[in-house]
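For reference, the structure is listed below as structure tokens.
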Amino acid sequence: MATTKSTAPRSILHVDLDAFFASVEVRDNPKLAGKPVAVGYSEGQRGVICAASYEARAFGVRAAISTRLARARCPQLIIVEPRHARYSEASDEVMELLDAWSPVIEQVSV
């Protein structure tokens, strides 16, 4: 007998899509693959990094630091302006996949 959503044993799964914004940017632009990439706002005094790829994290670049500090830590850093509508679309794609596995999903963020 095949296991379906309704007959499957109950389980809880926590899915954390770490570096999601940066991952979407790399997926959409393969030329960024393997390079230190951060999603963030202006280069000015108040610019902030929203997400960083693992390549950027190796240099100490992470979310919530200033773009100025990020550039100091990683001069070759590629900073991409956020595209929140695109991240929402990508999130919908992920949620659609997860929905195939569970009748109940609680989404906490993007």
Practice prompt. For residues that are of a type in the set (D, E, K, R) and more than 17 Å from the chain's Cα centre (by Cα), tally how many sit in segment 33-71.
Written response: 4
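Only one residue in 70, 85 is exposed (fewer than 12 other Cβ atoms within 10 Å of the Cβ) and modelled with pLDDT of 95 or more, so which one is that? Please lay out each step first, then the result.
Numbers: 70 fails: exposed (fewer than 12 other Cβ atoms within 10 Å of the Cβ).
Exactly one residue qualifies, and that residue is 85.
Could you check segment 56-79 and list, in sequence order, the residues that are part of a loop (DSSP other than H, G, I, E, B) and basic (Lys, Arg)?
Result: 62, single match.
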Worksheet item: Consider residue 55 against the criteria (1) of a type in the set (D, E, K, R); (2) exposed (fewer than 13 other Cβ atoms within 10 Å of the Cβ); (3) without any contact (Cβ under 8 Å) to a residue 24 or more places away in the chain: it satisfies all of them except one. Which criterion is unmet?
Response: (2)
Worksheet item: If you take the residues in segment 62-76 that are touching a Gly at 6+ places or on another chain (Cβ under 9 Å) and in contact (Cβ under 8 Å) with a residue 24 or more places away in the chain, which one is farthest from residue 23 (Cα to Cα)?
Response: 68
Fill in: Candidate set from segment 14-33 (those that are in a loop (DSSP other than H, G, I, E, B) and among the small types (Gly, Ala, Ser)); member that is nearest to residue 99 (Cα to Cα)
19
Fill in: Residue match in segment 18-27 (condition: at positive phi and either at pLDDT below 95 or in contact with a strand residue (DSSP E or B) (Cβ under 9 Å, 6 or more places away or on another chain) (or both))
yes
Discussion item. Looking at residue 77 and the list (1) among the hydrophobic types (A, V, I, L, M, F, W, C); (2) surrounded by fewer than 19 Cβ atoms within 10 Å (Cβ to Cβ); (3) over 16 Å from residue 24 (Cα atoms), which single condition is not satisfied?
Written reply: (2)
Worksheet item: From the set of residues in segment 80-96 that are among the charged types (D, E, K, R) and outside any helix (DSSP H, G or I), which is nearest to the chain's Cα centre (by Cα)?
Response: 83
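The values are calculated or read from the model by the stated rules, or taken from the named source; none is laboratory data. Not measured: the values here are computed from a predicted model. So basically every Cβ, Gly included, is an ideal-geometry build from the backbone, and we count neighbours across all protein chains shown.
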